[in-house]
Amino acid sequence: MAVCEAHEGTAEESEPLRSDANLAGPMADPVPGPRTESGDVSRETPPPMDVSSGYEGDPSAPVGRAAQQAVEAMTRAGEGLPRPEQTRVMVVANQKGGVGKTTTTVNLAASLALHGARVLVIDLDPQGNASTALGVDHHSEVPSIYDVLVDSKPLSDVVQPVPDIEGLFCAPATIDLAGAEIELVSLVARESRLQRAISAYEQPLDYVLIDCPPSLGLLTVNALVAGAEVVIPIQCEYYALEGLGQLLRNVELVRGHLNPDLHVSTIILTMYDGRTRLASQVADEVRTHFGKEVLRTNIPRSVRISEAPSYGQTVLTYDPGSSGSLSYLEAAREIALRDPHAQQNQSAQQHGMPEGTQ
Ligand code: ATP
Ligand code: MG
């Protein structure tokens, strides 16, 4: 796909670093966006469109509509994405910290929703980064995924719509979730509480994306029991594959004992910087190891992607035409076209078997 190819190796060309963006170093305020008096991140002042990215939509359009225009520009007339045949529950996991789990969860979810799907993001990390990035309220009084896991509250009582993106919803995490790993230990069916909550959720959904914390504790185990597909973001850096064996062993254990459907469906390479030989070496190594699970679309290292959460936005609404936004849209498209249920039914039909007998 043209967009994918355009991104590989050209991150610096398609998205030159802006001098103002470079001022915020790693020690700067982690939420540098403008804030309201209450301390919340303001959602009102997205930056001007990055004209270098080639996006020529109406800059005064509301952010949701601008994102929609970007999707339409990418999608040839009449060529929509298929909706999955059943709800696809995808667990975004890697116990290594800071590899792009949350960024990938929220931006893939937004991309799928902009493509017309109904998507629920479950924030399963006490840091609450996915809730922040989606602009969803998650202060300590807000009903959250903690109440679902520990107090058996219905999921529908905590789900909030995501502002600006139709069809996207979020079950937020509050700081309470930090205690859940310990509180869950003594509860009945401690590994399958999330799975039960999702099964009981009555609203129709195409995708559920679960953002895991950087650990392999009970929260991540709950996610692995609840989902069928594991999505592993891998940062294109040295040590990228270290610790991955442990995650894969856990996936095998959960598959063997608790969830026979579980499998690694998707590997996504994040923070890819085509200027460095290291990034392409890591990408090659990951592709050699995993083969077809690796998405063809690499997510480039992009200032726009890292800035977006400070405005309570995904990159799709923050700068719809940026390379980061287009690459997540393209990754979402690849994922939508790899529906495991559709593939299963197709091969059943090819072999003359009726649907559902596999
Ligand atoms: P944790 O393990 O703490 O939950 P994580 O795996 O969820 O971390 P993120 O929070 O998504 O990782 O990303 C880590 C940092 O890298 C964030 O500051 C994020 O903005 C930044 N980041 C993620 N992807 C990109 C990208 N493609 N380009 C630039 N910065 C990125
Ligand atoms: Mg995270």
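Only the coordinates and a few stated rules stand behind these numbers; no lab work does. Everything quoted here is computed from the prediction, not taken from an experiment. So basically every Cβ, Gly included, is an ideal-geometry build from the backbone, and we count neighbours across all protein chains shown.
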Worksheet item: How high is the relative contact order of the stretch 191-315, in percent, with contacts defined as C-alpha pairs under 8 Å that are six or more residues apart?
Response: 22
Worksheet entry | Using a Förster distance of 35 Å, the FRET efficiency for E141-S199 (Cβ separation, nearest 0.05) | 0.80
Discussion item. Can you compute the FRET efficiency between E334 and S215 using 1/(1 + (r/R0)^6), with r the Cβ-Cβ distance and R0 = 30 Å? Round to the nearest 0.05.
Written reply: 0.60
Discussion item. Through the Karplus equation 6.51 cos²θ - 1.76 cosθ + 1.60, θ set to phi - 60°, convert the phi angles of the stretch 254-270 into ³J(HN,Hα) values in whole Hz; use x for Gly and Pro.
Written reply: 5, 4, x, 10, 10, 8, x, 7, 5, 7, 7, 9, 8, 10, 10, 8, 10
Fill in: Exposure proxy order (Cβ contacts within 10 Å, fewest to most) of K101, K96, K153
K153, K96, K101
Worksheet item: What's the local net charge at T102, with K and R +1, D and E -1, over the other residues with C-beta under 14 Å away?
Response: -1
Worksheet entry | Pairwise label distance in nanometres, H263 with H341, each label 7 Å out on the Cα-Cβ vector | 1.6
Discussion item. Can you compute 3J(HN,Hα) from phi for each residue in the stretch 306-322, using the Karplus curve 6.51 cos²θ - 1.76 cosθ + 1.60 with θ = phi - 60°, rounded to whole Hz and x for Gly and Pro?
Written reply: 6, 6, 3, x, 6, 9, x, 9, 7, 5, 5, 9, 5, 8, x, x, 6
Worksheet item: By how many nm would the segment from S156 to Q246 grow when fully extended, if each residue of separation counts as 0.36 nm and the alpha-carbon distance is taken off?
Response: 29.1 nm
Response to the item:
Spelling it out for M90: with amide H atoms placed in the peptide plane at 1.01 Å from N, the residues 5 or more places away or on another chain with amide H under 5 Å from its amide H are V208, L209, I210
